[in-house]
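Throughout, read-outs are computed from the coordinates displayed, never taken from laboratory work. Since this is a predicted model, take the numbers as computed values, not measurements. Here the Cβ is made from the backbone with ideal geometry for all residues, glycine too, and neighbour counts use every protein chain on show.
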Amino acid sequence: MKLAIVILNWNGKKLLEQFLPSVIEHSEEATIYVADNASTDDSVSFVKMTYPTIKIIENKENGGYAKGYNDALKHIEADVFCLLNSDVEVTKNWLSPIIETFTQEINTAIIQPKLLDYKKKDHFEYAGAAGGFVDKYGYPYCRGRIFNTIEKDTNQYDDTSEIFWASGACFFIRKNVFRQLNGFDEYFFAHMEEIDLCWRAKNSGYNIKYIGQSEVYHVGGATLSNTNPKKTYLNFRNSLFALIKNAKGLLLPLIVVRLIFDGIAGIKFLLELKPKHTMAIVKAHFGFYNNLRRLLKQRKSTKNKIKHYQRTSIVFDYFVNKITIFNGLQ
């Protein structure tokens, strides 16, 4: 199996200096690429000088995660792409169980390893933990992370499991599936585009797996931290995008309840003296309204929508029922 590890970079020389060595050391089975999103620092020249065996693709503009990978992957031929954040440390034999699963399971199209916190290595990491799910109203959560409650790794998720979405921090996908689905939706720019792509893969009949025997450590927030209102804007807007495009069932009641929940989140930010995040949610809603016609058109082109949720409302489970760990949801 031909595997390409593709690291998207934008002005990330320090991250490449720190994390490329582990990728090179533990990834003999793969060809490594750095896809540069029109950086203005010297990260490209650094890679060329220090790691001449790494292949470099230079994108003409910074199109964010979505367009950046779409542009770069047009130039790469492999059976499987591994989209790896530049702030990820990999471990010995991390690729073996993933390659084995792809080889044995023809219908498995996307895989995620165990995602642990680089700064707190006995805990899961926010961006994907042990694999993702989405509730009825489009709110994402993970095995190992519900909202801001992050679980300690006590080997409770050392299994191989079917999940709904895989983290974009370390995202394995078959090339033919990526191209069949026309890659990421570039309107997302960054955040949630991997959930949208996974949702479309699920609607197309593919399986998505979490492999607990493969471990990586993710710093997280290297591009946009959780305290940045732009991240709040993208998360709220893009999850609405994905919901409209892909969800099964009647849209109007779904959207009305979702917008009410978002409004409550905005009030919560105000009470926490974070008015910029409240405004980010308001802007996200206007961004959603401005794109509604396009989203409905995309929705019509998705024929085989599936039931996408296990929980009716993760918001209710977490904030009202006080269920803060994934296994408590069972």
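Enumerate the lysines that K92 could reach by cross-link, defined here as Cα to Cα under 21 Å, with residues fewer than 8 away along the same chain left out.
Counting by Cα, and skipping residues close in sequence, K92 has these lysines nearby: K2, K114, K119, K120, K121, K209.
For the chain, modelled as a Gaussian network with Cα springs under 10 Å, which listed residue fluctuates most, F269, F236, F288?
Evaluated over the chain, the most mobile residue of the options is F269.
May I ask you to derive the FRET efficiency for V257 and T91 from their Cβ-Cβ distance with R0 = 45 Å, giving the value to the nearest 0.05?
0.60
Evaluate the distance, in nm, between pseudo-label points positioned 7 Å from the Cα of F319 and of D159 along their respective Cα→Cβ axes.
About 3.0 nm separates the two model spin labels.
On the principal axes of its Cα set, how long, how wide and how thick is the stretch 18-125? Give whole Å, largest value first.
Principal-axis extents of the stretch 18-125 (Cα, largest first): 39, 33, 25 Å.
So how many Lys-Lys pairs in the stretch 229-305 land under 15 Å Cα to Cα, not counting same-chain pairs under 8 apart?
Close lysine pairs found across the stretch 229-305: 17.
Tell me the trypsin sites (Lys or Arg not before Pro) within the stretch 286-323 that lie in a loop according to DSSP and have at most 10 other beta-carbon atoms within 10 Å.
Here the sparse-neighbourhood loop sites are K303, K307, K322.
Using amide H atoms built in the peptide plane, which far-off residues or other-chain residues are under 5 Å from D153 H to H?
Distant-sequence amide H within range of D153: H123, F124.
With each label point set 7 Å from Cα along the Cα-Cβ vector, what nm distance links I264 and R179?
Computed distance between label sites I264 and R179 equals 4.6 nm.
Starting from the Cα of K121, step 7 Å along the direction of its Cβ; do the same at A38; then give the gap between the two resulting points in nm.
3.9
For I306 and N148, calculate 0.36 nm times their separation in residues minus their Cα-Cα distance, and state this gained length in nm to one decimal.
54.1 nm
Using a Förster distance of 22 angstrom, determine the FRET efficiency expected from the C-beta separation of K48 and Q18, and round it to 0.05.
Working from the Cβ atoms, E equals 0.80.
Write out the GluC sites (Glu not before Pro) in the stretch 34-125 meeting two conditions: DSSP loop, and at most 13 other Cβ atoms within 10 Å of their Cβ.
Within the stretch 34-125, the qualifying GluC sites (Glu not before Pro) (loop, at most 13 other Cβ atoms within 10 Å) are E61, E77, E105.
For the stretch 229-305, what log10 I(q)/I(0) values come out of the Debye formula at q = 0.11, 0.18, 0.23, 0.27 1/Å, with one point per alpha carbon and no solvent?
Each listed q maps to, in turn, -0.30, -0.71, -1.02, -1.26.
Would you mind checking which residues have amide H under 5 Å from S214's amide H? H placed 1.01 Å from N; only 5 or more apart, or other chain.
Close amide H contacts, sequence-distant or interchain: K114.
Loop only by DSSP, 15 or fewer other Cβ within 10 Å of the Cβ. Give me the trypsin sites (Lys or Arg not before Pro) in the stretch 1-86 that pass, ordered by residue number.
Of the trypsin sites (Lys or Arg not before Pro), the ones in loops of the stretch 1-86 whose Cβ has at most 15 other Cβ atoms within 10 Å are K2, K60, K74.
Have a look at V23, V320, V256 and tell me which one the Gaussian network model of the chain (Cα, springs below 10 Å) gives the largest fluctuation.
Answer for the Gaussian network model of the chain: V320.
Summing Lys, Arg as +1 and Asp, Glu as -1, what charge do residues with Cβ under 11 Å from the Cβ of K48 carry, K48 excluded?
Net charge around K48: -2.
List, in order, the whole-Hz ³J(HN,Hα) value for each residue of the stretch 305-314 obtained from phi through the Karplus relation with A = 6.51, B = -1.76, C = 1.60 and θ = phi - 60°; use x for Gly and Pro.
6, 10, 5, 9, 10, 9, 10, 5, 8, 5
Pick from I150, I110, I260 the residue whose mean-square fluctuation is largest in a GNM of the chain, springs joining Cα atoms under 10 Å.
Sorting by GNM fluctuation, first place goes to I260.
Contour minus end-to-end for E58 and M1, with contour as 0.36 nm per residue of separation and end-to-end as the Cα-Cα distance?
18.0 nm
Under 5 Å between amide hydrogens, which residues at least 5 positions from N9 or on another chain qualify, with H placed 1.01 Å from N in the peptide plane?
When sequence neighbours closer than 5 places are left aside, the close amide H contacts are A35, D36, N37.
Would you mind calculating the gained length between F286 and S204 on full extension (0.36 nm times residue separation, minus the Cα-Cα distance), in nm to one decimal?
Stretched fully, the F286-S204 segment lengthens by 26.5 nm.
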